[in-house]
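Derivation of every value follows stated rules applied to the coordinates shown; laboratory data play no part. Owing to the predicted nature of the structure, the values given are computational and were not obtained by experimental measurement. Using ideal geometry, Cβ is built from the backbone for each residue, glycine included, and neighbour counts are taken over all protein chains shown.
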């Protein structure tokens, strides 16, 4: 199915039932999630869907979800507690179908270390890396690393806690920064080249976006604060090359058990070889976020995109009793 096709009319309450839009939460990405959730809520309500915003940080969330008459949940949570399988597991216990990836795909994609291990076993190219659990490992391994490397927490998003490290002398400081957010820290080989992102919707890949920033890399500031970041759509690649990379991105997405919708980030090095970096199972959902941007390039406006994402919850049985294919 082409994700840009499908129902373009209004959706009724009878079709979706009462929908909980889950946002906020307690992760480091709370504020971004609130922005996504509010945009989703507005779009769903504009189509006539009986949607209600719920902050996942509220103490009464479980009671509200279990007794509030909800038929489905739209997950607009970013980061831990909402994107890592925890909320997905709760919703399955409550028998409430939800958007996006299931428990396994969410948990695995949120774990950059194990995502890379799965990709390596599946033959999907990902930059070489080493795990730095403690200060002793930093000391023992810093001389053997091939600099530059990028140091990152294994379980955070939005480039939080990430640093580029150009020499062994700077490794410990970068590790200490990342350690504020996680106990598992990855030192990943730096790839010099162009960065791309592939939005995934209903088993199809949206048009690729090439990201350009004057910053050292596409960091938090480049994503959310700077007005100097450029988003190239079309991405500048030949059609056949883009189609091949879209296919590879979809394979990388499926390899970690992700489903429904999401985003895959990768680099092309100086030799035009792809290196896959990570999977995001609940990307940002504001008008200026990457997946909506790619959808617009393919002819789908934000409201229609949000409704198509909600359809990934329709694909589940009402008891949410297992698989989460869309």
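Here are the numbers for this structure:
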quantity	calculated
Potential lengthening between residue 120 and residue 164 on full extension [0.36 nm per residue; Cα-Cα distance subtracted]	13.6 nm
Net lengthening on full extension, residue 247/residue 31 (0.36 nm per residue, minus Cα-Cα)	74.5 nm
Highest-fluctuation residue, 40, 291, 306 considered, GNM on the chain with Cα pairs under 10 Å	306
Cα-based helix-to-principal-axis angle, 112-122 vs the chain, degrees rounded to 10	90
Pair residue 314, residue 230: separation of 7 Å Cα→Cβ label points (nm)	4.0
Compactness of the chain - radius of gyration and Dmax, Cα, Å	19.5, 62
Relative contact order [Cα under 8 Å, 6+ residues apart], the chain, whole percent	21
Kirkwood hydrodynamic radius (C-alpha pairs) into Stokes-Einstein, the stretch 13-99, 10 °C and 1.306 mPa s, D in µm²/s	125
In nm, spacing of pseudo-spin labels at residue 64 and residue 239 (7 Å Cα→C-beta vector)	4.8
Simple label model, 7 Å out from Cα along Cβ direction - residue 42 to residue 94, nm	2.5
On Cα atoms only, tilt of 239-255 relative to the major axis of the chain in degrees	80
Most fluctuating residue given options 239, 39, 56, as computed from a GNM of the chain linking Cα atoms under 10 Å	239
Binned Cα-Cα distance frequencies in the stretch 129-189 - 10 Å width, integer %	27, 63, 10
